[in-house]
Amino acid sequence: MKIYKVGGAIRDKLLGLPVEDTDWVVVGATPQEMESLGYQQVGQYFPVFLHPQTKEEYALARTERKTAPGYKGFRVHAAPDVTLEDDLQRRDLTINAMAETTDGKLIDPFGGANDIHARRLRHVSEAFTEDPVRILRVARFAARFIPLGFQVADETIALMRKMVEAGEVDALVPERVWAELVRALGEERPSQFFEVLRSCGALAILFPEIERLFGVPQPRQHHPEIDSGIHVLMVLDRAAMLSDDARVRFAALVHDLGKGVTPAEEWPRHISHEEKSVELIKSLCERLRAPNEFRDLAILAARYHTRCHNAAELRPATLLETLEALDAFRRPERLEHFLIACEADSTSRPGFETAGYPQADIFRNALKAAKNIDASELLASGYEGERLAAELRNRRIAAIAAL
């Protein structure tokens with residue numbers, strides 16, 4: 001029985017990054033032996049055990065054989081005769097297929113260290129094609145490591161394209177796509193997740209609403225980048241600079257989906273794209289079974305971002321109406337998330353990066369002024385029912401107008 005440290009811990013150590021999670025592979029052992037040593041089995045589809053003290057994961061070395069389409073169509077073989085190299089060969093990328101002995105010796109049968117030096121994301125073997133989730137994982141690793149100079153190898157993109165053409169991506173279930181999307185949104189350069197998916201043809205299948213944006217022009221005077229697809233990815237990366245919250249980043253990504261369905265004869269204008277975006281967001285979130293908190297913020301950003309950009313020209317009554325629609329009186333944190341998404345939209349454009357976003361303070365100050373109107377004083381003065389609501393609204397509008 002031999003134990004090796006494997007995967008991301010080795011990769012991050014070689015990259016000089018903090019090692020957050022450590023995984024282990026056990027060669028030459030049976031589940032019965034592991035349990036006799038106090039390990040607790042937790043793997044549902046293959047033998048994975050928790051260490052009795054550290055609770056780190058120890059997996060028995062295993063091989064996998066494709067038995068059906070999709071990412072669940074595998075037969076797993078875990079036995080004492082499976083070697084470390086057998087186990088490493090089934091992994092996705094060479095940089096994730098390295099191991100280390102207990103005395104610190106590197107085991108690298110597939111050139112992962114060389115690929116780290118070359119800043120290359122490359123598949124380990126043809127077995128990569130057996131699991132379509134690996135397409136999403138490569139795209140997610142690109143979002144993480146492209147800021148460090150990595151690129152996806154041409155041969156890996158070609159292999160991913162063949163998988164897409166073979167229909168493997170069609171077998172991905174919504175929950176898995178959403179899980180990988182949320183993880184990608186948390187990376188430093190989330191736009192690269194979508195760039196890589198687009199380069200292999202998977203974006204059109206998994207996120208057709210985003211794919212449709214590419215090649216659709218916008219007015220040059222407002223959008224020097226012109227292309228709507230480029231625009232939303234720029235907004236996404238800007239949102240990643242402004243907020244760690246995945247909900248904000250998702251809202252930034254999908255706020256302009258409606259531009260993808262504008263009739264070509266109306267280009268570069270996009271009349272009523274806000275409400276068109278809302279309908280597409282609802283459909284996208286239903287298909288991917290996205291949590292309501294993601295959907296709701298995204299809908300608000302799509303519906304009201306143009307209004308927010310024009311905050312200085314809004315009538316006080318319209319400002320109040322927007323604050324109410326955002327539920328800002330009860331959920332001021334949602335207002336902040338909305339304002340960050342709008343700021344990302346405005347300041348992501350070339351030449352606008354340092355322009356600031358004073359519109360956010362207009363909304364914040366309007367909320368503060370409106371909240372200073374005390375409904376209890378109106379109640380004490382005899383207002384009630386519809387008269388109370390009308391008077392409260394009128395006084396809030398007046399308070400906003402006095403700013």
Candidate aspartates and glutamates - alpha carbon under 18 Å from residue 2, same-chain residues fewer than 8 apart omitted:
23, 33, 35, 56, 57, 81, 85, 86, 87, 100, 103, 108
Two-site FRET efficiency, residue 287 against residue 171, from Cβ-Cβ distance with R₀ of 22 Å, rounded to 0.05
0.90
For residue 379 and residue 40, calculate 0.36 nm times their separation in residues minus their Cα-Cα distance, and state this gained length in nm to one decimal.
115.8 nm
Counting pairwise Cα distances across the range 117-266, what percent come out greater than 18 angstrom?
58
For the range 111-136 and the range 359-403, what is the separation of their C-alpha centers, rounded to whole Å?
59
Helix 292-309 axis, angle to the chain major axis (alpha carbon atoms, nearest 10°):
50
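Rounded to the nearest 500, what is the 222 nm mean residue ellipticity of the chain from helices alone, with -39500 (n - 2.57) per DSSP H run of 4+ residues and division by all residues?
Result for the chain: -15000 deg cm²/dmol, rounded to the nearest 500.
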Angle in degrees between helix 154-165 and the longest Cα principal axis of the chain, rounded to the nearest 10:
70
Here the equivalent ellipsoid of the range 216-284, derived from its Cα gyration tensor, has semi-axes (largest first, whole Å) of 21, 16, 7
Based on Cβ point charges of +1 for Lys and Arg and -1 for Asp and Glu, what charge dipole magnitude is obtained for the chain about its Cα centre, in debye rounded to the nearest 20?
400
Residue 388-residue 364 FRET efficiency (beta carbon distance; Förster radius 22 Å; 0.05 resolution)
0.25
Free-standing Cys residues across the chain, given no other cysteine C-beta under 4.7 angstrom
200, 285
Can you tell me the 0 to 90 degree angle between the C-alpha axis of helix 228-242 and the longest principal axis of the chain, rounded to 10?
90
Kirkwood estimate for the chain, i.e. one over the average of 1/r between Cα atoms, Å:
24.1
For residue 282, list the lysines whose Cα falls under 29 Å from its own Cα; do not include residues on the same chain fewer than 8 positions away.
72, 259
Mean 1/r over all different Cα pairs, inverted: what Kirkwood radius does the range 84-160 give, in Å?
12.7
In nm, to one decimal, how far is the modelled label at residue 230 from the one at residue 1, with both set 7 Å along Cα→Cβ?
5.9
Counting Lys and Arg as +1 and Asp and Glu as -1 over every other residue whose Cβ sits under 9 Å from the Cβ of residue 50, the net charge comes to -1
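Once R0 is set to 56 Å, what does the formula 1/(1 + (r/R0)^6) return for the Cβ-Cβ distance between residue 267 and residue 105, expressed as a FRET efficiency to the nearest 0.05? Please report the intermediate quantities before stating the final value.
Values: r = 60 Å, r/R0 = 1.08.
The calculated FRET efficiency here is 0.40.
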Which net charge results for the neighbourhood of residue 103, defined as the other residues with beta-carbon distances under 14 angstrom from its beta-carbon, given Lys and Arg at +1 and Asp and Glu at -1?
+2
According to the square roots a ≥ b ≥ c of the eigenvalues of the Cα gyration tensor, what is the shape class of the range 1-130, taking rounded for a/c under 1.5, prolate for a/b larger than b/c otherwise, and oblate for the remainder?
oblate
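We did not get these values from a lab; they are worked out from the coordinates using the rules stated. Just so it is clear, the structure is predicted and the values come from calculations on it, not from any experiment. Cβ: placed from backbone, ideal geometry, glycine included. Neighbour counts: every protein chain shown.
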